[in-house]
Amino acid sequence: MKRHSYRERDYAFGQAMLSLRTNMGLTQAGLADLLKISRHAVGEWEAGSNYPKAERMQHFVALCVRASVFAPEREEEEIRALWKTAHQRVLLDEAWLSALLSTHTTLALTSTTEVGAISDQAPAMEAAAFPRIDWVGSLDVSRFTGREGELAELIQWIV
């Protein structure tokens, strides 16, 4: 008889990965391309059925920091929590984290100063602040408008 070993899914980790990816404005395939892994691997992370290796996790965290998806002034705390949630066998590299956050802080201060000094680039900066989202796989909801009669009938059946 063949035995299946099903592990429990880590929904907290999966939800954290999903929300960070979507806050960056990336699809699973887009994130996979940036991390040079398969889209399936990203899907497993978001399903909570697998964890990234430490190197991939560092690369992912670096992408998140560059995209400013962590709360300002709380980046380090949120990165530590994510690392802990990811059940990494390797401890978080403190030197790497300090270098990453100091580089990001320097870039953020520089870009803030430049934005204040150069006002004619504001439209381009605003466009960069709101990344484009790939809606190719989204549902077509145009068929759901104007169906109040059917909704009322369903409510009557349920009640």
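Loop-located GluC sites (Glu not before Pro) across region 2-81 with a Cβ neighbour count of 11 or fewer within 10 Å are 8, 73, with loop assigned by DSSP. Summing +1 for each Lys or Arg and -1 for each Asp or Glu among the other residues whose beta-carbon sits under 14 angstrom from that of residue 156 gives -3.
Annotation: the residues 42, 69, 61, sorted from fewest to most other C-beta atoms within 10 Å of their own C-beta, follow the order 69, 61, 42.
Every read-out reported here was derived from the displayed coordinates using simple, explicitly stated rules and does not represent laboratory data. Since the structure is predicted, the reported quantities are computational estimates derived from the model, not experimental observations. Neighbour counts run over all protein chains shown; Cβ positions are idealised from the backbone, glycine included.
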